[in-house]
Amino acid sequence: MTESTSAQPDDAASTVETVVAAITEGVRGGLLAPGQRLVEADFTKRLGVGRGSVREAFRRLTADGLLAFVPHRGVSVRQLTRAEVDNLFDIRAALEVLAVQLALPRLAAEPAALLDLQARLDAAEAAGDMAGFSGLNRDWHGLLAAAAANPQLDQMIGRLGNSIYWLQFRVLVDREPTFATNVQHRAVTAAIVAGDTDAAARAMRAHVDGSRRLIQALPDSCFAA
């Protein structure tokens, strides 16, 4: 009896994470678009989870900024205004720069993992492999956040990223400008390996601003009025 009771919270957390992952991947992959209404029953049936888990996933992703709740209309994928995008990127730049500054001593001392990721990004760029490049980009940023050894910072960066998943998907449709961001990856990587904190911070700020400009170049239909 004791074992069964203690397992329930873990099981509930697992099913909530299943729903969270399904929604975030749906937005990341363009299957769920801004303004699209999400129905609890659709997820309970497709994922085989309870309504409570779906509601908790909706609540969490609304708090993270990926979803929006409108009274009498329910939950939908959030659509950002251009001003909101700029505000999010201002915050993201500050957090990503902080992550680089905290991570640099560890990565400069043991750069093998960072250099391997950069080499794989370069190879994906050369091959025109957008799916591979996108995944490696997440891994590259994730390595910096992990090396910063600040879980709260990592969580905050992740939540900001949630808010712009769909816009990032739209940017990925136009391949050439996206691959061009690898120049900035290389600049950050080189500065970290050289142990140059100021150069790494400048390069990361330029990288985040480059991503902002790619998103702001999208048509008005991608944004809320």
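The values are calculated or read from the model by the stated rules, or taken from the named source; none is laboratory data. For clarity, every value in this text was computed on a predicted model and none was experimentally measured. With ideal geometry, Cβ positions are generated from the backbone for all residues, glycine too; neighbour counts draw on all protein chains shown.
Within the span defined as the stretch 63-72, one or more residues are touching a residue at least 60 places away in the same chain (Cβ under 8 Å) and either in a loop (DSSP other than H, G, I, E, B) or assigned by TED's automatic domain parsing to the domain that holds L214 (or both). Here R60, R120, R106 are screened, and the one residue that is at pLDDT below 95 and assigned to a helix (DSSP H, G or I) is R60. Taking R78 as the residue in question, decide whether it is under 23 Å from S134 (Cβ atoms), of a type in the set (D, E, K, R) and modelled with pLDDT under 95. The answer is yes for R78.
Here the condition is being farther than 22 Å from V27 by Cβ and in contact with a Lys or Arg (Cβ under 9 Å, 6 or more places away or on another chain); of Q118, Q152, Q101, it holds for Q118 alone. Residue count for the stretch 196-221 satisfying the condition of being β-branched (V, I, T) and within 16 Å of H185 (Cα to Cα): 2. Screening the candidates V19, V49 for the property of being assigned to a helix (DSSP H, G or I), crowded, with 19+ Cβ neighbours inside 10 Å and modelled with pLDDT of 85 or more yields one hit, V19.
As for the stretch 180-189, it holds at least one residue that is of a type outside the set (A, V, I, L, M, F, W, C) and over 18 Å from the mean Cα position of the chain (by Cα).
Scanning the stretch 179-191 for any residue that is surrounded by fewer than 16 Cβ atoms within 10 Å (Cβ to Cβ), in a helix (DSSP H, G or I) and at pLDDT below 95 turns up at least one such residue. Restricting the stretch 75-131 to residues that are among the basic types (K, R), under 20 Å from the mean Cα position of the chain (by Cα) and within 27 Å of A148 (Cα to Cα), which is surrounded by the fewest Cβ atoms within 10 Å (Cβ to Cβ)? It comes out as R120.
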